[in-house]
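The values are calculated or read from the model by the stated rules, or taken from the named source; none is laboratory data. Since we're looking at a predicted model, the values are computed, not measured. Cβ coordinates were reconstructed from backbone atoms using ideal geometry, including for glycine residues, and neighbour counts include every protein chain displayed.
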């Protein structure tokens, strides 16, 4: 299976602006594959919608389905560019560590981090992957997912336990998501890291789909319970600013 996957990737990598079409014999020769082996992989890629065969000259070309993958990558860079000012604003308002993460599959990927200037602070690294229920951002994003997509994620992998306070019960987790929709922000009260409290809100793209989230976290000694509502409003405002930058008109207003 792994060998077939690698062959498929190598075939897709052959296509370029300078060489957008390849015939089966050319693919076989270029990758030093037998014609039958090349045919099996190409046939699978065609069946899955990544390649299309021109019936006139029998050459293969990429389909628009590839754009759905490239758009994910491009959106990450766009999110980084469009988030910087909001991140700086939230950082200045709270003095906490501000993080932007995108959801890929059932994992959260940190794409932008600005650490707190305080000596006692929360630290994160760009590029680190976390499970979908890690911290406030995961809950913030999933709260606005279509029900069927949320069910797929929860069926695929149950919530991981990071601290004694992590919510791993599915009914309790779903109740948390309802709270997020009511408030417009999510709270992680020592659920991801002991001694750390954080609030996060979802970032929407121009189609109003939640694609990422922004959070601010501080040690609990610097983030008191009375501040949760205040910081929640700030992170919600920051998320709205980024969403607007991405072309989304949706606002994180409450539905109380």
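The residues of the stretch 40-55 that are surrounded by 12 or more Cβ atoms within 10 Å (Cβ to Cβ) and either on the phi < 0 side of the Ramachandran plot or touching a strand residue (DSSP E or B) at 6+ places or on another chain (Cβ under 8 Å) (or both), listed by number, are 40, 41, 42, 43, 44, 45, 46, 50, 51, 52, 53. Identify all residues within the stretch 15-30 that are in a helix (DSSP H, G or I) and surrounded by 15 or more Cβ atoms within 10 Å (Cβ to Cβ); write none if there are none. The answer is 24, 26, 27, 28. Checking the structure you have, find out if any residue of the stretch 143-151 is in contact with a helix residue (DSSP H, G or I) (Cβ under 9 Å, 6 or more places away or on another chain) and crowded, with 22+ Cβ neighbours inside 10 Å. Looking through the stretch 143-151, at least one residue is in contact with a helix residue (DSSP H, G or I) (Cβ under 9 Å, 6 or more places away or on another chain) and crowded, with 22+ Cβ neighbours inside 10 Å.
Residue-by-condition table, conditions (1) assigned by TED's automatic domain parsing to the domain that holds residue 38; (2) over 16 Å from the mean Cα position of the chain (by Cα); (3) assigned to a strand (DSSP E or B):
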| position | (1), (2), (3) |
| --- | --- |
| 85 | no, yes, no |
| 89 | no, yes, no |
| 112 | no, no, yes |
| 116 | no, yes, no |
| 125 | no, no, no |
| 160 | no, yes, no |
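Selection of the stretch 140-158 for residues being more than 12 Å from the chain's Cα centre (by Cα) and not in a loop (DSSP other than H, G, I, E, B) yields 147, 148, 149, 150, 151, 152, 153, 154, 155, 156.
A single member of 12, 33 is in a helix (DSSP H, G or I) and touching a helix residue (DSSP H, G or I) at 6+ places or on another chain (Cβ under 8 Å), and it is 12.
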